[in-house]
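Working notes, beginning with the structure itself.
The values are calculated or read from the model by the stated rules, or taken from the named source; none is laboratory data. As the structure is a computational prediction, the values presented were derived from the model and not from experiment. Cβ atoms come from the backbone with ideal geometry, glycine included; neighbour counts cover every protein chain shown.
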Amino acid sequence: MKYAPVDLLIKEFCHKWAVYILLLPLALLLTFSPVYGQRNPNILLIMTDDQGWWDLGVHGNDIISTPVLDELSRESINFSHYYAAPVCSPTRAGMMTGRYHLRTGLYNTRFGGDMIDPEEITIAELLKTKSYTTGLFGKWHLGKYYDYQPNQQGFDEFFGHYHGHIEEYDYPDQLVHNGKPVEARKYVTDLFTDAAMDFIEENREKPFFCYLAYNAPHSPFVVGTSHGRQKRGDALVKKYIDQGLSMKNAQIYAMVEIIDFNMKRLLDHLEALDLEDNTIVIFASDNGGVSSHFRAGLRGNKGNVYEGGVRSPLMVRWPAQLKKKNVTVDAMVSHVDLLPTLCDIVDIPIPTDRKIDGKSFLHLLKDTQGESAHEYVYHHWDRYFPNPYNTWAVFDGRYKLLNNPTPWPKNPVEQDEPFGELYDLKADPGEQNNIARAHPEIVKRLRKAFVDYYDDVTAGREYQPAPIPIGNPRENPVEIQPSWGKISGDSIQYTFLGYDWDSVDSWQKKGEHIDWNLNVIQSGKYQVSISYGCSIKNAGGTIRISVNDEFLDFKVPATPSGDVFTDVMLGEIDIEKGGKVLRAEVEKPSGGEVVKLNRVWLELMD
């Protein structure tokens, strides 16, 4: 049996449990709300992935079939101007921490930029100070490695995936349960619902926080390809094809309809367990939509900062306390508002040692009218690295200033004045009439507000992939993927095929390489393994795997083709504790593509 070193145990205890120790005296571990005089409410947060504002019947889409979600909307308080980030992991970071994503260290959806700092305090951690049991089922996308995973960020139970998306929706093979890879035998939306229902039933006698983060309708657009569910998927797609939709849109609508079916199972389960009355049900999406058949008059979609890219459904139902229903609130609210709102409801002190950007919208839930707690709501994202020029927006409740370049310039600069497009969303909700030149004073005010925000949220942050921790007995071996590395060379390139299938390709010249930063927790001997492909005509070259001065050379034999990958152990090297660099490089060229490198594993040996 392997045991963690004492210094590691002390570090982990101080690192994460300090949050609970500091907050426990304040919260006194109460399970009853002094605000409402009853047991604290259960919280069921459901978030879909890439479901647009327009992908609901209740929002005017007369083709898509979402009867359960439409009925939930009629039973809820709805928000017409609820804003997510343009893409998924920034929204998830903001929802979990109450802070705009750039404060948390997260700056991308891949390339090692899709993790929050382990020192962030999540809503799950805060709810645990009030004796909540916490569970996450579905997509995390806030960190793959130990310290970044849900179980180290406040969740007692986790079943889902770390990455932004998975490749198999039937018989999914990229799922994890509490840190351990597992296999599954069902359509993934059904699976996550099953797990959430079991968690709710198991914890029905005490307050629970259940975060059900569906990965649908994100690509790949799969609705059932295996024996048991293929008929359902085929029938749903055919239904929408017959109504004139393209194959892609038909698949997306079918995936949403499967979510709707599972929402019925979930909500019926709450009712059967007599939990419906005192459970807060929150339904939202993580960003704008990817379907295009119907857009409800909105411009843009996922990945940009027009309304179609950042407006999301938001429904809140709590029968015990929110007696009004089928009401729409027009005041703007943001994804960062979830944490302070739930803290307000449950009477949890908000952390005071960091800036919390979110504002409680409990007053809007109670009164179903009123002003936004925000002067401005901000949107920002760039595929490469954060900058104040690409893909940003600021909204004051009426006027919205934005810049949305296509494609993203790699070396962004401020353009000529007026910088950005200005829209009056009260008069022009579809963002068709750019009035920037007619209102330079509004442009100047909003641009200054955005720059001030940007300078504030990025202060003190350096945006790059975090060093990958190795040598932690709790996660050994460690899988190292291409997206966390930095490539160097004239021909070498990185190919994105979905996280676990990414590869480093086309390297042909001696010295071309990829580097990963490591945080070596324990000195020792490490077994080095790789996953690679190599065509017969290009076999015979040599690659070197090194950590500082220690290295192993591997003469690359062919696989059945360059796109057929196999795993091989290369041997052991000594690695000292501390910050190190792992490098894979061409030592001897083969006259063509030396190798397709898919993954490297480092395993601390006894």
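Computed quantities for the displayed model
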| item | result |
| --- | --- |
| Scope the range 308-338; condition under 24 Å from His165 (Cβ atoms) and in the same structural domain as Asp50 (by TED's automatic domain parsing); matching residues | Gly308, Gly309, Val310, Arg311, Ser312, Pro313, Leu314 |
| Considering residues of the range 77-98 that are in a loop (DSSP other than H, G, I, E, B) and surrounded by 24 or more Cβ atoms within 10 Å (Cβ to Cβ) only, the residue farthest from the chain's Cα centre (by Cα) | Gly98 |
| Single residue of the range 260-293 satisfying the filter (among the hydrophobic types (A, V, I, L, M, F, W, C) and part of a loop (DSSP other than H, G, I, E, B)) that is nearest to Asp242 (Cα to Cα) | Val290 |
| Residue among Asn61, Asn108 that alone is over 27 Å from Gln152 (Cα atoms) and surrounded by fewer than 24 Cβ atoms within 10 Å (Cβ to Cβ) | Asn61 |
| Leading residue by the ranking (nearest to the chain's Cα centre (by Cα)) among those in the range 450-499 that are small (Gly, Ala, Ser) and at positive phi | Gly498 |
| Residues of the range 226-247 classified as part of a loop (DSSP other than H, G, I, E, B) and at pLDDT 95 or above, total | 5 |
| Verdict on Ser89 being of a type in the set (Gly, Ala, Ser) and either closer than 22 Å to Lys302 by Cα or not assigned by TED's automatic domain parsing to the domain that holds Glu307 (or both) | yes |
| Among residues of the range 538-554, those that are over 16 Å from Glu576 (Cβ atoms) and not in a strand (DSSP E or B), counted | 4 |
| Evaluation of Gln38 against (1) modelled with pLDDT of 95 or more; (2) polar (S, T, N, Q); (3) within 26 Å of Asn203 (Cα to Cα) (one fails), failing number | (1) |
| Residue count for the range 425-446, restricted to those that are charged (D, E, K, R) and surrounded by 12 or more Cβ atoms within 10 Å (Cβ to Cβ) | 4 |
| Strands (runs of 3 or more DSSP E) within the range 136-211 that include 1 or more residues in contact (Cβ under 8 Å) with a residue 12 or more places away in the chain, in contact with a helix residue (DSSP H, G or I) (Cβ under 8 Å, 6 or more places away or on another chain) and among the small types (Gly, Ala, Ser) | 157-161 |
| Checking Ala213 against (1) buried (at least 21 other Cβ atoms within 10 Å of the Cβ); (2) at pLDDT 95 or above; (3) of a type in the set (Gly, Ala, Ser); (4) out of contact with any strand residue (DSSP E or B) (no Cβ under 8 Å at 6 or more places or on another chain), the condition it does not meet | (4) |
| Only one of Ala296, Ala320, Ala254, Ala250 that is outside any strand (DSSP E or B) and in contact with a His (Cβ under 6 Å, 6 or more places away or on another chain) | Ala296 |
| Of residues in the range 423-456 being touching a Pro at 6+ places or on another chain (Cβ under 9 Å) and of a type in the set (A, V, I, L, M), the one nearest to Ile116 (Cα to Cα) | Val451 |
| Matching entry among Val333, Val346 (being touching a strand residue (DSSP E or B) at 6+ places or on another chain (Cβ under 7 Å), surrounded by 23 or more Cβ atoms within 10 Å (Cβ to Cβ) and farther than 27 Å from Leu425 by Cα) | Val346 |
| Residue satisfying all of: in the range 368-402; small (Gly, Ala, Ser) and buried (at least 17 other Cβ atoms within 10 Å of the Cβ); farthest from Val316 (Cα to Cα) among these | Ala393 |
| Test result for Val223, modelled with pLDDT of 95 or more, buried (at least 20 other Cβ atoms within 10 Å of the Cβ), more than 27 Å from Gly471 (Cβ to Cβ) and not charged (D, E, K, R) | no |
| Complete set of residues in the range 133-170 that are over 14 Å from the mean Cα position of the chain (by Cα), closer than 26 Å to Trp601 by Cβ and among the hydroxyl-bearing types (Ser, Thr, Tyr) | Tyr145, Tyr146 |
| Flag if Gly303 is assigned to a loop (DSSP other than H, G, I, E, B), of a type outside the set (Ser, Thr, Tyr) and touching a Pro at 6+ places or on another chain (Cβ under 7 Å) | yes |
